Amino acid sequence: MGKVLGVLGGMGPAATVAFLARVQALTPAAGDQDHIRIIADINPHVPDRNRAPDAAEQTLGQMAMRLRDAGAQVLAMPCNTAHAQAAGIRKVGLPFIDMIAETTEAATAGGAKKIGVLATPGGEALYTKALQGKGAKIVRLSGAAREAFMSCVYAVKRGDVGEAPRTEMRRLAALLVAGGAEAVIAGCTEVPLLLGAEDVSVPLVDSAEVLAAACVDRCG
């Protein structure tokens with residue numbers, strides 16, 4: 001028997017559903033019984049991670065406690081930005097798979113030293129620190145490009161994954177490559193809903209895919 005995975009989700013709902021599908025797809029299984037048992041709290045009412053971090057941490061801590069009490073043995077959260085509030089989750093005493101650390105490890109494994117990051121300002125700050133710890137530098141969006149990125153993220157949150165935000169996300173990834181990025185991290189779980197590996201001329205490291213693989217590894 002594997003371990004029961006508890007997922008802190010809803011940030012946003014579409015990204016969480018896509019993440020759960022990835023866990024299922026990455027699990028080597030011959031039948032139902034070979035899959036991981038998952039208890040998910042898809043809570044779209046977590047306070048905004050960028051604007052109300054303290055309230056968000058309190059809510060995430062409560063969610064983690066409920067998941068633990070429901071039987072979860074390992075916790076994961078498919079939201080990069082909310083990892084700034086991970087202390088509230090770790091307090092419940094269960095192993096917590098760190099999406100930022102796992103993705104940084106995957107992005108630097110091939111030897112890339114300049115890594116582009118498509119993330120919210122909060123996610124960017126987390127990746128800056130994590131990449132520095134691995135001796136790599138972050139390539140980031142600035143000014144109007146950063147605003148355009150946030151517009152793409154909010155487009156996904158309202159259900160728009162059409163050609164306009166897809167084209168814009170491809171353009172933003174290309175800006176990072178033009179800035180010297182040897183790999184690009186999809187450091188917001190909305191990004192892979194608009195951008196695929198084939199859309200970027202350097203390796204694309206999908207944080208949701210990395211986290212899903214880590215969940216299968218730890219719980220399978």
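Defining a contact as two alpha carbons under 8 Å apart and six or more residues distant in sequence, what relative contact order in percent does the chain show? Each step should come with its number before you reach the end.
Numbers: 412 pairs, mean separation 55.4, N = 220.
It comes to 25 percent, rounded to a whole number.
The number of Lys pairs in the chain with C-alpha atoms less than 18 Å apart, excluding pairs fewer than 8 positions apart on the same chain, is 7. Once both labels are modelled 7 Å past Cα along the beta-carbon direction, what's the Ala70-Gln58 spacing in nm? Here the answer is 2.2 nm between the modelled labels. For the pair Asp48 and Glu198 in one chain, pulling the backbone fully straight at 0.36 nm per residue adds 50.8 nm over the alpha carbon distance. Among the listed values [x] 8, 30, 35, 21, 6, 1; [y] 8, 35, 40, 15, 1; [z] 9, 35, 37, 18, 2, the one computed from these coordinates for P(r) over Cα pairs in 10 Å bins from 0, in percent is [z]. Full extension of the chain between Lys134 and Val17 yields a length gain of 39.0 nm, computed as 0.36 nm times the residue separation minus the alpha carbon distance. Taking all Cα pairs closer than 8 Å and separated by 6 or more residues, the relative contact order of region 156-220 comes to 32 percent. With the simple spin-label model, which puts each label point 7 Å out from Cα in the Cβ direction, the Ala125 to Ile38 separation comes to 2.9 nm.
The phi torsions of region 149-155, fed into the Karplus equation with coefficients 6.51, -1.76 and 1.60 and a -60° offset, translate into couplings of 4, 4, 4, 5, 4, 6, 4 Hz, rounded to whole numbers, with Gly and Pro shown as x. Computed from the Cβ-Cβ distance with R0 of 41 Å, the FRET efficiency linking Ala30 to Ala164 stands at 0.45.
In the chain, the portion of solvent-accessible area held by carbon and sulfur atoms comes to 53 percent [1.4 Å probe, whole percent, DNA, RNA and ligands not counted]. The local environment of Ala178, defined by Cβ-Cβ distances under 15 Å, has a net charge of +2 under the rule Lys, Arg +1 and Asp, Glu -1. Diffusion coefficient (Stokes-Einstein, Kirkwood radius over C-alpha pairs, 37 °C, 0.692 mPa s) for region 53-138: 239 µm²/s, rounded to a whole number. Helix 99-108 and the long axis of the chain differ in direction by around 50°, with both axes built from C-alpha atoms. Which longest uninterrupted range of the chain lacks any trypsin sites (Lys or Arg not before Pro) assigned by DSSP to a loop state (not H, G, I, E or B) and surrounded by at most 16 other Cβ atoms within 10 Å? The answer is 159-220. With everything on Cα atoms, drop me the angle between helix 53-69 and the longest principal axis of the chain, reported from 0 to 90° to the nearest 10. Orientation of helix 53-69: about 40 degrees from the principal axis.
Over all other residues within a Cβ to Cβ distance under 15 Å of Ala214, the charged ones net out to -3, with Lys and Arg as +1 and Asp and Glu as -1.
What does the charge count around Gly6 come to, taking other residues whose C-beta lies under 15 Å from its C-beta (Lys +1, Arg +1, Asp -1, Glu -1)? Around Gly6, the charge tally is +4. Excluding ligands, DNA and RNA, the accessible surface per residue across region 48-114 is 44 Å² with a 1.4 Å probe. Between the listed residues Met99, Pro78, His45, the Cα displaced farthest toward the positive end of the dipole of region 28-109, a dipole computed from Cβ unit charges relative to the Cα centre, is found at His45.
The values are calculated or read from the model by the stated rules, or taken from the named source; none is laboratory data. The structure displayed is predicted, hence computed values, not measured ones. Note: ideal-geometry Cβ built from the backbone for every residue, glycine included; neighbour counts use all protein chains shown. The area values use the complete protein model at the heavy-atom level, side chains included, leaving out ligands, DNA and RNA. Shrake-Rupley method; radii C 1.70, N 1.55, O 1.52, S 1.80 Å.
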